[in-house]
Amino acid sequence: MSAGAKRKRPEPGFVPHGAPPPPARQQEGSAVAPWRDWAEWGAVHDALYSAGAAHAPGSGGGPGDNHLAGQPDVEWGLRKVRTWRSRARLPLSVESTASLAEAVLRDSQGCRSETESRLALSMAVLRLVNGLLDPAQKGVFATSIAGLAERIGLPPLLVELRHESTHNALPSLHILRLAAGQALAFLDHSYWQL
């Protein structure tokens, strides 16, 4: 989302993917969100996606382009998410976005070995896929992971990568970077932009 574009705000009372609503005022029996308000929530989104967008294939961005003029950067967003974690359990979508953004950032900074980058990226994708699909495994008989993923619009590459990372060898760094981009795009579309 560009710096000047306005994000469509959910209707009052809307709770994206089970997240508690932001605290407008404390009332008896009301849930308190770890973020201060929708403005903080949106600023964290923009910060976390400043790294993902800068390194997405075809974006033209590079390691030095992940700070938007006048906007918080990804490190600020990661610090905010850590603060939120200290206040409450976070929605899977927030946790996964932060994990993916951090893995992408550290990979682009070159501060990890190739193996460490592959492990961090695959773990972030694996936790997202399992977190989304495991709760949908209800009943006596297990449902196909691919079928569940298709039902919620999860890119097939993420399911394949989950299988490879879990049961076979770690995928290449190139494939993991593509998967991280797809995972961030999925989270942006299915959670942050609601």
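In the condition set (1) under 23 Å from Arg118 (Cα atoms); (2) touching a Pro at 6+ places or on another chain (Cβ under 8 Å); (3) free of Cβ contacts under 8 Å to residues at least 60 places away in the same chain, Glu150 is compliant with all but (1).
For segment 164-173, the criterion of being among the acidic types (Asp, Glu), loosely packed, with under 14 Cβ neighbours inside 10 Å, assigned to a helix (DSSP H, G or I) and without any contact (Cβ under 8 Å) to a residue 12 or more places away in the chain is satisfied by no residue at all.
List, please: which pairs have Cβ atoms under 9 Å, are six or more places apart or on different chains, and start with a residue in segment 131-143 that is among the hydroxyl-bearing types (Ser, Thr, Tyr) and end with one that is open to solvent by less than 80 Å² (accessible area, probe 1.4 Å) and not in a helix (DSSP H, G or I)? Between residues of segment 131-143 that are among the hydroxyl-bearing types (Ser, Thr, Tyr) and residues that are open to solvent by less than 80 Å² (accessible area, probe 1.4 Å) and not in a helix (DSSP H, G or I), the close pairs are Thr143/Gln137. Cβ separations smaller than 8 Å between residues 6+ apart or across chains give no pair from segment 38-50 residues that are of a type in the set (Val, Ile, Thr) and outside any helix (DSSP H, G or I) to residues that are open to solvent by 30 Å² or more (accessible area, probe 1.4 Å) and at pLDDT 95 or above. Answer with yes or no whether Leu133 is at pLDDT 95 or above, in a helix (DSSP H, G or I) and among the hydrophobic types (A, V, I, L, M, F, W, C). No: the conditions fail for Leu133.
Given the conditions (1) closer than 27 Å to Glu40 by Cβ; (2) in a helix (DSSP H, G or I); (3) open to solvent by less than 20 Å² (accessible area, probe 1.4 Å), and given that Asp188 satisfies all but one, which numbered condition is not satisfied? Result: Asp188 passes all but (3). Among the residues in segment 53-72, are any open to solvent by 80 Å² or more (accessible area, probe 1.4 Å), modelled with pLDDT of 90 or more, assigned to a helix (DSSP H, G or I) and more than 16 Å from Ala180 (Cβ to Cβ)? Checked segment 53-72: no residue is open to solvent by 80 Å² or more (accessible area, probe 1.4 Å), modelled with pLDDT of 90 or more, assigned to a helix (DSSP H, G or I) and more than 16 Å from Ala180 (Cβ to Cβ). Within segment 174-194, residues that are over 20 Å from Arg151 (Cα atoms) have Cβ atoms under 9 Å from residues that are in a helix (DSSP H, G or I) and open to solvent by 60 Å² or more (accessible area, probe 1.4 Å) in these pairs: Ile175/Glu164, counting only partners at least 6 apart in sequence or on another chain.
The values are calculated or read from the model by the stated rules, or taken from the named source; none is laboratory data. None of these values were measured; they are calculated from a predicted model. Neighbour counts are summed over all protein chains in view; Cβ atoms, including those assigned to glycine, are modelled from backbone coordinates with ideal geometry. Each accessible area value is taken on the protein alone, full model and side chains, heavy atoms only, with ligands, DNA and RNA left out. Shrake-Rupley method; radii C 1.70, N 1.55, O 1.52, S 1.80 Å.
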